[in-house]
1. Sort 410-419, 161-170, 295-304 by packing, meaning the average of other beta carbons within 10 Å per residue, with the highest value first.
2. First measure r as the distance between the Cβ atoms of ARG666 and ALA101, then evaluate 1/(1 + (r/R0)^6) with R0 = 41 Å and state the FRET efficiency to the nearest 0.05.
3. Using the 10 angstrom Cβ neighbour count as an exposure proxy, how do PHE374, PHE205 rank, fewest first?
4. Taking the Cα centre of segment 72-306 as origin, work out the dipole magnitude from +1 charges on Lys and Arg Cβ and -1 charges on Asp and Glu Cβ, in debye rounded to 20.
5. Under a point spin-label approximation (7 Å from Cα along Cα-to-Cβ), what is the ASP386-ASP211 distance to one decimal in nm?
6. Please turn the phi angles of segment 158-168 into ³J(HN,Hα) values with the Karplus equation 6.51 cos²θ - 1.76 cosθ + 1.60 (θ = phi - 60°), one per residue in order, whole Hz, x for glycine and proline.
7. Nearest 5 percent is fine: what portion of the DSSP beta bridges confined to segment 72-306 is antiparallel?
8. Quick one: length gained pulling HIS77 to ASP376 fully straight, 0.36 nm per residue minus the C-alpha distance?
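A short reminder: the numbers here are calculations on the coordinates, not readings from a lab. Only a predicted model underlies this, so the values are computations on that prediction, with no experimental measurement involved. As a convention, Cβ positions derive from the backbone with ideal geometry for all residues, glycine included, and neighbour counts pool all protein chains shown.
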Amino acid sequence: MRRGFRGLWPVAVIAVIAAGAGWLLYAVGTSPHRSELVPYWGLAATVVTIAAGWISWAWRARAGTPGDAAKGPAADHIADVLARAVTGQWTRAAADRGLLAPEPIPVRWRRPAVPLAGPVAAATSARRFEPLPEMTLTTPRQLAGGDIGDLHQLYGGLGSGRLVIAGAPGSGKSGAAVLLILAALRHRDHVAGAERPSVPVPVMFTLHGWDPVAQPVQDWLAARLGQTYPLLAGRAGAVTSARLLAAGKIAVILDGLDEIPGELQPAALRALSHQAAFRLVILARTDEMAAAAAQSQLEGAAAVELQDVDAATAADYLTRVQLDPPPAGWSDLIRHLRHAPDTPLAGALGSPLTLTLVRDTYRDRDDVRELLDFCDSPASAVSRDDIIDHLLDRVLPAAYAQQPGQPPPRYDLPAARNALTRLAAQMNREGTRDLRWWTIPRWVTRVPRILLQALAVAALAALLELVGVALYPPEDWAAEIVFGLDSGLGTGLLFGLVLGLGIAVVRRHDAPRRMRPGRWHKPPRRDALGRGLVSGLVVGIGIGFLASGYSGHWPAGLAAGSASGLATALVVTFSGSGVDEASSVMPLTSWRNDLAFGLTIGLLAGFSIGLVSLWIQAVVPWIYHVASALGDGLAAALVVTLCSTKTWPAAVTFMQLAARWHTPPRLMRFLEDARHRNVLRSIGPAYQFRHARLQDRLAGAVRNVSPAANEDDRAGQTGKSPMTSS
């Protein structure tokens, strides 16, 4: 009985909304004082739009039963589609990080030297999870030590399902996690089809932004899944994500325990101990994990610690990535590592971070002699940290150097260094490793954006007034032009200010919206077709009734209603069908999706309101008639687009930052260029520096950029404490 009521209540809601909206439009349209009601037609059109939105929501609640979608064969299908998206995401990431070719640096691990988790026996004897198909239970002996290729056995065979991978900064934790994800996905593809549903899909997120005291981990993970994977977007996707997590269809790898405040780190481990019903891997720096575990450990977890790369292994790796035989300078470096393993140079090259820096920043045949000369400098003793900082300082010059046969870089080195140091410093002040473009507007004041928005609306209103004067010539041109400009600018500026203030109050810094582009050559899905037909029917009937009631001619109402209803049905139907769900969202993709969403919604609103205006002004000559309707539509499109997108405030913020910090005005293009140059990397819709220590190194250099800009920088600080250095 209860289940049947859940299926019927949206139908009742749809009926009530449609009846209420229809009654209101009928009452307005049949009023004997119709000529006095022209100012209220905008309100009537708003009622139609709101009613259509509510009905669309009720229809989704009726048709989109996310709880059922996360059960049985449907859940298995969703997991398979998600697996394809995760595979594409992390295969790209592995290629960007150089983990696929050449072969990864052979990093080894062993039991941690400091307490990070409970007894090994507690992790291996637990029976919370059965071993994954074709795998065996992990034994205490297997936890004594191994290489990164063995981590998949620990992940799939631990009875507790919980693993902590710790290490020093630059020890290769993130790279090991990426390889673990790809190994888990390959294993899932290779098991028999009947056993595949029991193999979870691994996903990885950074812990930044999670408050374990105020938000359950399932809710936070559902939001992150929806931001990253179109398949799980929206409210229905959040419910589906929660059901998949609870059913063990998704395994979670969490990086960056140090990215949440220190006082919350024990609370995070406590919350994960009690709330995580899925396989869980935690990546953390050894010191931070030890401090948090001393107050609250992750119950049932096994812990391993990544070790430094010994000098002989580092020499073998550098030999594999060079010509055979290596150039003279590289031969000297390799010989130094083999015969002097206790020097600062050998110690500095004892991590995957520094080995990849040497590989990527010394590209010419013999320029690695510069590193040897730096280490042999007689001026002062060079320490291990000095060498690492020297390698980090080479990242930008190498990335923005012109390569043979390639066009010159779009941004020169000084401009790139200035922009990246500014971004790194601001990220450190906010205590984050993730750069999300839609949160950048928080860095600067809102006043210029509100004023610019108001001026845009005012300019459009004034232009429309002048067009009206030109198309319907008055007797006194000068007076009419002055009146039109005064009326348009005044009304538009006032409306724009009110609109801007309203958006500033209600706008949230959540993830951008997504308009799912349809495949027009394929038939729409049944649920998308249903949403489109209902929305188009409601909008068409409402606008047709409104137009015929005011004009007194039913053909006018039929034409207006048919056109607006058809436009609404097409946009709603095809914007929700045929989406490539087997993909993950990257930063540039999320920017374009948000822009497309705003433009589509704005054009739909402008078209609908323009049609309403077209038919309620039948007493005016047709040229002015059409121009006025077009103007109303343009104004509505502009307003709705400004209200519904996050690209608009972000684009204005980029201009503000360009004026303050002299960063590129088209910041998204700069960030994407930096990603292609391996200075940044993308994790879902967010950018990160290729390593946390690079971010900290650049942030420390901001004081040397520009005294005047530093004054602006201090004025715009948010008051948050900077991140601790790596």
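1. 161-170, 295-304, 410-419
2. Approximately 0.80, to the nearest 0.05.
3. PHE374, PHE205
4. Dipole magnitude for segment 72-306 comes out near 340 debye.
5. Between ASP386 and ASP211, the label points sit 4.6 nm apart.
6. Rounded to whole hertz, the list is 5, x, 6, x, 10, 9, 10, 10, 10, x, 6.
7. If we restrict to bridges inside segment 72-306, about 20 percent are antiparallel.
8. 101.7 nm
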